[in-house]
Amino acid sequence: MKKFVFRFIADLRFAIILLFLIIITSIVGTVIEQDQSIEYYKLNYPISQPIFGFLSWNFIVKFNFDHIYTTWIFWSFIFLFGLSLFFCTFLQQFPTLKIARRCQFFRNLNVLNRLQISNRFNTFSIINLITNLKQRNYLIFQQKNIIYCYKGLVGKISPIIVHISMILILMGSFYGSVFGFKAQEIVPKTETFSIQNLLTNQYIQIVPKFFTRVNDFWITYHNFKIYQFYSNISILNLNGNELNQTTLSVNNPLNYNRLNLYQTDWNLIGLRIKNGQNTLSQYPLLKIFDTKNNVWLCWVPHSNFINKGVIFLIDNLQGYITIYNENGNLIYNLELNESWDILHKYTFIDIISSTGIQIKIDPGISIIYSGFFFLIISTAMSYLTYSQIWIVKASTMYIIGGTTNRATFDFELDFLKLTK
């Protein structure tokens, strides 16, 4: 019974079914955004307008489609697929390799006639043939009147390495999913933060204890368009001592003690304005368009009456703002540290910006990389052909036959050169 179960799990058809289920699950995880807040799904998948008539936020949450890659059913498919590869390796691939290493001396001459190519010779120089086979790196064995030759046994090892590499990739993915984490922090410039807003739902989360300070944030422009944005950050220990300082930008992350910090987003959150009495005040900015053309506005009252004041409009971090009155009429264009006097004197001091930093740890990435490394090696090895040649001395003739597992045309040409 155990042998039947192991053979069933190792069967290619069972592996294909599992692979198909993994693909279907991955498609669902690709189409539906993963690890978002419940508000995000309520906004994009409302119950009043379900996609395809059934796909709404409550359906997504009920069946765990919002974090499908960490559900037990997905990892069950992964586990069974890895188990199938494991049993296939030991029950099929290793026995196949063991058979390939054996010296196969055919006693029945009819077997030679069923090979890919065979020929009969009345007169033949066996010495020249053996010499040519040695020059072509064939291993030669003889038993009585039969000579058996083969080369390219390494090509038979490649399927085993493929299975091992895929098992390593699956193990690395599982290990990273269980023990890794991903977090997203939106931090104002000059502020210090610790990891709090975890995005993923791992079962075992080991969150490192440290602080990060955002020293500065700035944006570079090219032809009035954003070219790149940067965050200068410092990694601090629990005592506040600086351990590392670097500048993040898009596609230029920080790797520190297996911890990866990525520059992902930015925002403008407020203005610093000084009045005529040198009192510094901060006013919040509101983003009014959720498009590529970002625009923020701010209401600054003239006095304690909130209904009298001016509107500040800003669309970049270059230090320019536009002022409108309460009726929407343009009043003034202002630069950084410039003052204006409308009923009261004000000085534009600073734009308060925030940076989006993603923190990620994936302890299984080295295992995954090693799996892909072995996969590349196995791909190169698979191009080595495994070829076999038999030479049989019959009563009045020589019978020569051969077979190969790939590159049949090249093998036939080589065979003809050997026997001409």
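The values are calculated or read from the model by the stated rules, or taken from the named source; none is laboratory data. Fair warning: this is a prediction, and the values are worked out from it, not measured in the lab. Note: ideal-geometry Cβ built from the backbone for every residue, glycine included; neighbour counts use all protein chains shown. When the accessible area is computed, the model is the full protein with side chains, heavy atoms only, and any ligands, DNA or RNA have been set aside. Shrake-Rupley method; radii C 1.70, N 1.55, O 1.52, S 1.80 Å.
Candidates Ser165, Thr192, Asn119 compared by Cα position along the dipole of the chain: farthest toward the positive end lies Asn119, with charges placed on Cβ. For the chain, the longest principal axis of the C-alpha atoms and the axis of helix 12-31 are separated by about 10°. Computed from label points 7 Å out along Cα-Cβ, the spacing between Asn110 and Asn122 is 2.7 nm. Checking every one of the chymotrypsin sites (Phe, Trp or Tyr not before Pro) in segment 335-420 against DSSP loop status and a limit of 16 other Cβ atoms within 10 Å picks out Tyr383.
Using mean Cβ contacts within 10 Å as the protection proxy, how do 273-283, 88-98 order, highest first? Before the final figure, lay out each step's value.
Details: 273-283: 12.3, 88-98: 15.0.
Packing proxy ranking, top to bottom: 88-98, 273-283.
Remark: the Phe174-Ile99 segment gains 23.6 nm on full extension, using 0.36 nm per residue and subtracting the alpha carbon distance.
Considering only the other residues whose Cβ falls under 14 Å of the Cβ of Leu336, what net charge follows from Lys and Arg at +1 and Asp and Glu at -1? Numbers along the way, then the final one.
Details: positive: Arg272, Lys274; negative: Glu335, Glu338, Asp350.
Spelling it out: positives minus negatives among the neighbours equals -1.
Each residue, Ile186 and Leu243, gets one label point 7 Å from its Cα in the Cβ direction; the gap between the two is 2.7 nm. In this simple spin-label model, placing a label point 7 Å from the Cα along the Cα-to-Cβ direction at both Asp410 and Ser234 gives a separation of 6.1 nm. Ignoring lysines fewer than eight residues from Lys420 along the same chain, the ones with Cα atoms less than 19 angstrom from its Cα are Lys134, Lys393.
Overall, segment 212-295 carries a charge dipole of about 160 debye about its Cα centre when +1 sits on the Cβ of Lys and Arg and -1 on the Cβ of Asp and Glu, all other atoms neutral.
Taking GluC sites (Glu not before Pro) in DSSP loop conformation with at most 15 other Cβ atoms inside 10 Å as exposed sites, the chain has its longest uninterrupted site-free stretch at 34-190. By a 1.4 Å probe calculation restricted to protein chains, Cys103 has an accessible surface near 50 Å², given to the nearest 10.
Using a 1.4 angstrom probe, figure out how much accessible area the chain has per residue, in square angstrom, rounded to the nearest whole. Intermediate results must be reported in sequence, preceding the final value.
Details: 24900 Å² over 420 residues.
That works out to 59 Å² for each residue.
Of all aspartates and glutamates in the structure, those lying under 12 Å Cα to Cα from Lys360, and not within fewer than 8 positions of it along the same chain, are Glu185. Given R0 = 45 Å, the distance between the Cβ atoms of Asn275 and Ile24 translates into a calculated FRET efficiency of 0.10.
Is it possible to state the helix-based mean residue ellipticity at 222 nm for the chain, with each DSSP H run of 4+ residues giving -39500 (n - 2.57), the sum divided by total residues, to the nearest 500 deg cm²/dmol? What is it?
Values: 11 runs with 137 residues, N = 420.
One gets -10000 deg cm²/dmol as the mean residue ellipticity at 222 nm.
Bridging of Lys3 to lysines at a Cα separation below 21 Å is possible for Lys98, once same-chain residues fewer than 8 apart are set aside. Largest GNM mean-square fluctuation across Met397, Met171, Met381, computed for the chain with C-alpha springs under 10 Å, falls on Met397.
For the chain, the Cβ-based charge dipole about the Cα centre amounts to some 3340 debye (Lys, Arg positive; Asp, Glu negative; other atoms uncharged). At a 1.4 Å probe radius, carbon and sulfur cover how many percent of the accessible area of the chain? Summing carbon and sulfur atoms, their accessible area is 58 percent of the total for the chain. Cα convex hull, segment 121-266: 268 Å³ per residue, rounded to a whole number.
Match the structure shown to one of the listed values (i) 36, 26, 24; (ii) 72, 25, 20; (iii) 33, 27, 23 of semi-axes √(5λ) of the Cα gyration tensor in Å, computed from it, and give that label. Checked against the structure: label (ii). A probe of 1.4 angstrom, applied to the heavy atoms of all protein chains, finds Arg107 with accessible area near 140 square angstrom. Using alpha carbons only, how many degrees (0 to 90, rounded to 10) separate the axis of helix 72-88 from the longest principal axis of the chain? Roughly 20 degrees between the two axes.
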